[in-house]
Every structure is written in structure tokens, then in C-alpha cells.
Amino acid sequence: MKKIVFIISVVFALAYLYFVYNPIIIENKEENSQSLESGIITEKNGVIKPFDHLIIDKRDEIKAILIIRDRENISNEIPFGHIFKSSNKEAINKLKLLNFKYTGADIATVENEIIIYENDKIVFRSGIVLDSNKEGLQNSEFGWIITENGNLSKIFKNFNRNFSPIIEI
């Protein structure tokens, strides 16, 4: 009997550890994406500020989640892990200050993602590349845009790693 309890305990511990490093992501939040069409630049090398529409108010709850599904070529500044969160309004406000350059192109293989919530509603969602040689965002509204000053990794390195085996988005 002790042997069976021990084996079951080991199996549960291993399963828990597996899901801490590869969490189950449950998506069920209401999406309230605000369109950026009024601020979209269609000229190549035009400046885009995709986070500019975020209103970071002291009374509102805001959080950002970075989901890393592909760690190949990822910047060394991003610690090991798959899910990173931040409710730090100062860190999220740094995203608003970033300038991106419109490229007029698209990247089809972006697997990492950034999601920003305001009062439990998704207000921004985009694919994100945080490679050591390029940083940028990819989504259907503006295509592939790259950072002008390459500070995305520096902002996300301060996000907190999630150790929960199940994440509700």
C-alpha cells in the first residue's frame, strides 16, 4: 500500500512540475480591443505607437501578460519561463513610450504573444518577437512593426514569472 501511495505521489509531483514549466492556458476573458486604425501609418518607416491608446489610471486595474511559446533565439534578457505577468503601471507605461517603425510587411511565424488587460477586459493583443537580433510586434491591424530603440526586452525582463500550472486568460 505504501508503495502505491509513493508512486501516485511521484506521478502527481512530476505532472505538477511539468505543468509549471508548460502551463495550461485557459482563455475566457472578454475582448475589448480598441481599434488603432486612426493611428495607423501606411508609409514605410512611419512611426506607430501601438500602446498609446492605453489609459493607465490609478483607479483602474491593468496588467500585462507575456506568453513565450518559442524560446529559440529569444533575447538573453528574458529569463527562462513561458508566462510572465506584471501589474506594475510604471512598467506598462514604459510600453506607451516606445516608438515602432511600420515596415509594410508581415511575419507568419510569430508564436509569442503579449496581452494587456484593463479591468479584466483585453484591450491589446499582439504577436511579439523578442529575438536577440530583432524586436517587434505582429498583428492584423498593423502587420510587422519593429522597435526603433529596441527596449522591449528590457521592459519584459522585469515582469514576474508565473509558476502556476493553470493560467486563466
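The values are calculated or read from the model by the stated rules, or taken from the named source; none is laboratory data. Owing to the predicted nature of the structure, the values given are computational and were not obtained by experimental measurement. Cβ: placed from backbone, ideal geometry, glycine included. Neighbour counts: every protein chain shown. Remember, those area values only see protein heavy atoms, side chains included, never the ligands or the DNA or RNA. Shrake-Rupley method; radii C 1.70, N 1.55, O 1.52, S 1.80 Å.
Where Rh is the Kirkwood radius over the Cα pairs of region 59-109, the temperature 25 °C and the viscosity 0.890 mPa s, what D in µm²/s does Stokes-Einstein return? Write down the numbers at each step before the final one.
Working: Rh = 13.6 Å.
Rounded to a whole number, D works out at 180 µm²/s.
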Completion exercise
Rh (Kirkwood, all Cα-Cα pairs) for the chain, Å, reads 17.3 Å
Completion exercise
Heavy-atom accessible area of the chain with neighbours in place, 1.4 angstrom probe: carbon+sulfur share in percent works out to 51 percent
Fill in the blank from the handout: Note on region 70-158: alpha-carbon gyration tensor, axes a ≥ b ≥ c; rule is a/c under 1.5 for rounded, else prolate if a/b larger than b/c, else oblate; result rounded
Handout entry: Rounded accessible area per residue of the chain, 1.4 Å, Å²
Key = 58 Å²
Completion exercise
If one compares the long axis through the Cα atoms of helix 2-21 with the longest principal axis of the Cα atoms of the chain, the angle in degrees, nearest 10, works out at 10 degrees
Problem - C-alpha center-to-center spacing [region 1-28, region 137-165] in angstrom - result: 30 Å
Exercise for the section: Name the shape class, rounded, prolate or oblate, that the alpha-carbon gyration tensor gives for region 117-169, where a ≥ b ≥ c are the square roots of its eigenvalues, rounded holds for a/c under 1.5, and otherwise prolate holds if a/b is larger than b/c and oblate otherwise. Expected result: oblate
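Would you list LEU54, LEU14 from the most to the least accessible area, probe 1.4 Å?
Listed by decreasing accessible area, they come as LEU14, LEU54.
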Problem - Cα centre as origin, Lys/Arg/Asp/Glu Cβ charges: the chain dipole, Debye - result: 760 debye
Exercise for the section: Calculate for the chain the 222 nm mean residue ellipticity that helices alone would give, adding -39,500 (n - 2.57) per DSSP H run of length 4 or more and normalising by residue count, nearest 500 deg cm²/dmol. Expected result: -6000 deg cm²/dmol
Problem - Placed amide H near ILE128: partners under 5 Å, 5+ positions off or other chain - result: ASN112, GLU113, ILE114, GLN138
Problem - Sorted peptide list for 126-136, 154-164, criterion being average Cβ within 10 angstrom, highest first - result: 126-136, 154-164
